[in-house]
1. For residues that are buried (at least 19 other Cβ atoms within 10 Å of the Cβ) and β-branched (Val, Ile, Thr), scanning just segment 1-25, find the one that is nearest to VAL169 (Cα to Cα).
2. Can you tell me which residue within segment 500-556, out of those that are acidic (Asp, Glu) and in contact (Cβ under 8 Å) with a residue 40 or more places away in the chain, is nearest to LYS326 (Cα to Cα)?
3. So which residues in segment 61-95 are among the polar types (S, T, N, Q) and buried (at least 18 other Cβ atoms within 10 Å of the Cβ)?
4. Could you grab the pairs with beta carbons closer than 7 Å, sequence gap of 6+ or different chains, first residue in segment 7-23 and of a type outside the set (Ser, Thr, Tyr), second one assigned to a loop (DSSP other than H, G, I, E, B) and open to solvent by 30 Å² or more (accessible area, probe 1.4 Å)?
5. Can you pull out the residues in segment 520-547 that are over 19 Å from HIS314 (Cα atoms) and of a type outside the set (Asp, Glu)?
6. Could you please find all residues in segment 197-246 being surrounded by 12 or more Cβ atoms within 10 Å (Cβ to Cβ) and over 31 Å from the mean Cα position of the chain (by Cα)?
7. If you scan segment 496-535, which residues turn out to be hydrophobic (A, V, I, L, M, F, W, C), loosely packed, with under 13 Cβ neighbours inside 10 Å and either at pLDDT 75 or above or over 23 Å from TYR87 (Cβ atoms) (or both)?
8. Among (1) free of Cβ contacts under 8 Å to residues at least 40 places away in the same chain; (2) more than 22 Å from THR480 (Cα to Cα), where does GLY294 come up short?
Amino acid sequence: MTQDQAYDILTMGHNVFLTGAAGTGKTYLINRFIRHAREHGIIIAVTASTGIAATHIGGMTIHSWSGMGIRDTLTDEDIDVIVSREYLAKRFAKTNILIIDEISMLSGRFLANLDRLLRSTRFSQEPFGGIQVVLVGDFFQLPPVSRGSDIEFAFQDPIWRTLRLAICVLDIQYRQWEDPLLTILNEIRSWDMSQESFSLLDSRNMPVETEDHTELFTRNISVDTYNTQRLNAIHDDIFVFEMQSKWAEKLVEALKKWCLAPETLILKKWARVMFVKNNFDAGYVNGSIGHVVGKYESLPIVELMDGTRIIADHMDWSIEENGKIKASIIQIPLRLAWAITVHKSQGMTLDTAVMDLSDAFVRGQWYVALSRVRSLEWLILRWYNPTALQIDPRVREYDQILRATSLAVIERLAQISDSEKETKIETAIKKLGGILQKIDLDFTVPKRAKLTTHEETYSLIVSGKSLDDIAEIRNIKISTIFSHIEKLTEEGKIIDLTAHRPDDSDRLSDIHRAFVEVGTLSLSLVREFLASLHDEDYTYDELRMARLFLSIPDRRKIEEQMLYESEWI
């Protein structure tokens, strides 16, 4: 199927499963469809099963979007708790298209639970509460993480058939890619590896010529061992960051497994690290790789591969119910990254990669690992075992069904005239709450540059919108708005925040005194100081808000103290 054929099916409002090998343009097509929805004023949610995949399409994880988090099951009580969060209830009600990328790593059980949630909250017995669902991915990639021996693919659950998905298998290679690696990957998909391909892979078992590369292993223990060895080889002082946690112990343990940041993070100068959480305003995303080049106060300074330097401050992971935090952990969002697992690499594009697949335990790991690099010459393959070569027979069998079904969809599409197609597209736009006349997404005021994201926030503030209104309109967090305000202040913008000043003046005064006494603008250090004085919790958002209202003399005094005490390794 071509991209244009799949685009027609998407815009006619069908639930769709979009699949195809690397280079067939799945991401390009999805971005084109997202633009179509936004041009017609349709509320579209863009999500993925992993954080890295979500950043590639400008969205969030489906776990975060749905409020379901890391739950394995979803009870009626869980649904009540989720919809009690007003912002989630509004999100579900407004959304009319839902995209989920990297569907291979999502279980059928999760999809079934999401279906129950959306039917319940949207008061509709249609699949997913009547939302148009677009599932994107490739089942030749990694399967869902399984706690037992049996892996359940999404297509095995009854919910897959309930969705009545139009199958769109993209089969035209758009990348100008004539590398032998493409032939190898296609042979793996067709279950017929040639002796020539085996010989090419065997030829990639060679010495590593660069120290700055990524090692791929199949198991966490191998990754941890290698990273520790590389860290120990650096003869420099260590600095250690211990994870802090609060509230329900069982939920805290679940968060620790989910967040990817280690409980004890040990770093040295020149350690290779990876960020494990998104912070767009700070300049990094989940998967950003760099090196520790120094520290500011007690925080590590990370230089990314493009030369950007970032002070890595603490971030928190939390579970909320009814607006209250039930469990929370706080850590620097980093982990050592000389080596990563194949699972963690899905969705990444690596330069030089050294792979050890000798301990493969899931079919398809070889395909995923090999597809991380763009060229065979960027690959060094140490070892592999037969499991790494295999594709799950269920995926093989279902791939044949997908291709046959996609051909049938193409035949049905060919029977629709251009006028009928246009009518169906217009009908879908209206059904999804859109407008027929296109919105010019590229419109800018003549002779003025397009507003940056913080300038867009500024325009809403001066128009009198509340911070909560801005967060809802722009679909961003309050903490992001605080970051925008700080940046605007640095640029000399005059902002009247009187209407947004916190009501509790005594608490605000306590926080201001803490900033001055500690002599820093670091939120984490001030939070620790306040915790030592008061038997109550201060959130990062609360501290960030208070920091905005520091008086000019106090801010100058603090900045002078920070400059005096600044330290670089």
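The values are calculated or read from the model by the stated rules, or taken from the named source; none is laboratory data. As the structure is a computational prediction, the values presented were derived from the model and not from experiment. Here the Cβ positions follow ideal geometry from the backbone for every residue, glycine too, while neighbour counts run over all protein chains shown. When the accessible area is computed, the model is the full protein with side chains, heavy atoms only, and any ligands, DNA or RNA have been set aside. Shrake-Rupley method; radii C 1.70, N 1.55, O 1.52, S 1.80 Å.
1. Step by step, filter segment 1-25, then rank; the result is THR19.
2. Of all residues in segment 500-556, those acidic (Asp, Glu) come to 503-504, 506, 510, 517, 528, 535-537, 541-542, 554.
Subsequent filtering for residues that are in contact (Cβ under 8 Å) with a residue 40 or more places away in the chain retains 537, 541-542, 554.
Details: ASP537: 13, ASP541: 17, GLU542: 18, ASP554: 35 Å.
Looking at the filtered set, the residue picked out is ASP537.
3. From segment 61-95, those among the polar types (S, T, N, Q) are 61, 64, 66, 73, 75, 84, 95; that's our starting set.
Matches in segment 61-95: THR61, SER66, THR95.
4. ASN15/ARG164; GLY20/ASP171; GLY23/GLN173; GLY23/TYR174; GLY23/ARG175; GLY23/TRP177
5. LEU533, HIS534
6. Answer for segment 197-246, where residues must be surrounded by 12 or more Cβ atoms within 10 Å (Cβ to Cβ) and over 31 Å from the mean Cα position of the chain (by Cα): SER197, PHE198, LEU200, LEU201, ARG204, ILE234, ASP236.
7. The one that is hydrophobic (A, V, I, L, M, F, W, C), loosely packed, with under 13 Cβ neighbours inside 10 Å and either at pLDDT 75 or above or over 23 Å from TYR87 (Cβ atoms) (or both): LEU533.
8. Single failed check for GLY294: (1).
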